[in-house]
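Notes to accompany the following structure.
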Amino acid sequence: MSLTKEQVQEQVCEMIARFAPIAENGIRLDANLREHYGVDSLILVELLVEAEEHFGIAFDSSSLTDEYFATADAIASYVSSRLEAA
């Protein structure tokens, strides 16, 4: 799958909007998902499962930390790096 980082960011925001109580266009890439949008660990797991299925990647369990998943941009960056490595 060949996507630009911007396309990945857009698709990640669409996924977040399906799970968090906020409109897709209201998601800031740099906003903390827990603090700003009420994304808890259950929602995050659902989001990651959907991202794995949608993008055809697998998340490395050692990288399931806030560093990689605190913001929409962090998730999009991680997904982009996994797509590039595939």
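Rule-based calculations on the coordinates, nothing more; no lab input. None of the values given here were measured: they were computed from a predicted structure. Glycine gets a Cβ as well: all are built from the backbone with ideal geometry, and neighbour counts include every protein chain shown.
Miscellaneous remarks
- With both labels modelled 7 Å from their Cα along Cα-to-Cβ, the R18 to E50 distance reads 0.5 nm.
- Working note: Karplus 6.51/-1.76/1.60 with θ = phi - 60° gives the stretch 49-58 the couplings 4, 5, 4, 4, 5, 5, 8, x, 10, 10 Hz, where Gly and Pro are set to x.
- Chain lengthening between D60 and A86 when straightened (0.36 nm per residue, less Cα-Cα): 8.0 nm
- A viscosity of 0.692 mPa s and a temperature of 37 °C, combined with the Kirkwood radius over C-alpha pairs in the Stokes-Einstein formula, give the chain a diffusion coefficient of 259 µm²/s.
- Under the convention that each Lys and Arg Cβ holds +1 and each Asp and Glu Cβ holds -1, the size of the dipole of the chain around its Cα centre is about 60 debye.
- Distant-in-sequence amide H partners of T71 (H built 1.01 Å from N, under 5 Å): L33
- From phi via Karplus (6.51, -1.76, 1.60), per-residue ³J(HN,Hα) for the stretch 66-77 in Hz, x at Gly/Pro: 4, 4, 9, 10, 6, 10, 4, 5, 5, 5, 4, 5
- For the chain, the relative contact order comes to 41 percent (Cα pairs under 8 Å, sequence separation of at least 6).
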